[in-house]
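The next block holds one structure in the form of structure tokens; read it before the comments.
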Amino acid sequence: MLEMLPGLVRIYEEWAERYPDVQPLTVQFAADGKQGDGLDGVLAYPLDGHWLLVTFGLTELGEKTSEEPRVSGAGFEFTCRIPREDGDETVPGWILRVLHALADRFLSGSELDVGHWVITPSPLGGEPANGDMTSLVIVPDVEVRVMDTPNGIVLFHQIVGLTSGEGADVQEARTAAPLVALLKDRDPKLLTDPGREPVRI
């Protein structure tokens with residue numbers, strides 16, 4: 001059973017202000033035997049037309065252990081929004097794999113921050129149905145950018161899937177900002193939808 005640590009309670013409370021009538025599913029990741037920080041799991045909110053996913057475990061959920069009083073743990077958790085069919089109560093495994101792999105990448109020493117992008121060697125999450133969606137970019141979450149906790153601030157970094165062509169455009173431009181602006185104009189929630197039409201800068 002998931003222990004409701006103070007930091008996790010704060011994440012619940014923050015998102016409950018946006019979706020007071022929605023009970024999230026809690027997906028816990030099995031312990032891998034490593035000591036130290038890690039991604040503990042994901043809160044999955046079944047909303048109309050999409051899933052909202054919020055990670056927990058990159059920030060300090062329990063006692064304060066880091067030396068920086070103003071920031072909780074890594075200082076951020078990941079979010080993502082993907083399409084959801086009416087009545088679907090099962091979180092697709094591929095997005096959980098993406099979030100877990102991204103957290104592992106950060107914990108292994110890679111710098112991941114707003115404005116950064118990642119090119120993957122295969123469709124997101126290794127899911128063939130995701131086809132041409134082989135990149136992602138990190139942006140401030142479109143609803144909750146930051147919250148205060150007793151252990152310091154927590155930012156929410158939303159990951160947004162990109163097609164191979166979009167990823168190439170970002171690489172060439174050396175910035176994702178123009179592309180993200182176009183995507184947000186089309187979809188203010190910035191869903192990672194493998195079935196959407198590509199956008200070109």
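What's the carbon and sulfur percent of the chain's accessible surface, probe 1.4 angstrom, rounded to a whole number?
51 percent
Hey, can you find the accessible area per residue of the stretch 66-201 for me, probe 1.4 Å, expressed in square angstrom?
48 Å²
Taking loop as defined by DSSP and a crowding limit of 14 other beta carbons within 10 Å, which trypsin sites (Lys or Arg not before Pro) in the stretch 93-182 fit?
Arg145, Arg174
For the chain, what is the calculated [θ] at 222 nm in deg cm²/dmol (nearest 500), taking -39500 (n - 2.57) for each run of four or more DSSP H residues and dividing by its residue count?
-7500 deg cm²/dmol, from helical runs alone.
Provide the percentage of antiparallel DSSP beta bridges, counting only those with both residues in the stretch 70-192; round to the nearest 5.
75 percent
With an 8 Å cut-off on Cα pairs and a minimum separation of 6 or more residues, tell me the relative contact order of the chain in percent.
That works out to 19 percent.
Take the Cα gyration tensor of the stretch 52-149, multiply each eigenvalue by 5, square-root it, and list the three semi-axes largest first, rounded to whole angstrom.
26, 17, 12
Taking the Cα centre of the stretch 1-118 as the origin, how large is its charge dipole in debye, to the nearest 20, when only Lys and Arg (+1) and Asp and Glu (-1) carry charge on their Cβ atoms?
220 debye
Between Ala173 and Ile201, what is the label-point separation in nm under the 7 Å Cα-to-beta-carbon projection?
For Ile201 paired with Ala173, the spin-label model returns 0.4 nm.
Which whole-number percent gives the relative contact order of the stretch 120-201, counting Cα pairs below 8 Å spaced six or more residues apart?
29 percent
Taking Cα centroids, how far is the stretch 146-201 from the stretch 53-107 in Å?
16 Å
Using label points projected 7 Å from each Cα along Cα→Cβ, tell me how many nm separate Glu68 and Glu111, to one decimal.
1.2 nm
Using the crude model of +1 on Lys and Arg Cβ and -1 on Asp and Glu Cβ, and no other charge, please compute the dipole size for the chain relative to its Cα centre, in debye to 20.
Dipole size: approximately 400 debye.
Stretched out fully, how many nm does the piece from Arg97 to Glu85 gain, at 0.36 nm a residue minus the Cα gap?
Gain in length upon complete extension: 2.3 nm.
For the stretch 1-116, count all C-alpha to C-alpha pairs, find those more than 26 Å apart, and express that count as a whole percent of the total.
For the stretch 1-116, the fraction of Cα-Cα distances above 26 Å is 19 percent.
The values are calculated or read from the model by the stated rules, or taken from the named source; none is laboratory data. Just so we're clear, the structure is a prediction, and the values are computed from it rather than from any experiment. When we count neighbours, we look across all protein chains shown, and the Cβ atoms used for this are built from the backbone with ideal geometry, even at glycine. Surface accessibility is based on the protein's heavy atoms, side chains included, excluding ligands, DNA and RNA. Shrake-Rupley method; radii C 1.70, N 1.55, O 1.52, S 1.80 Å.
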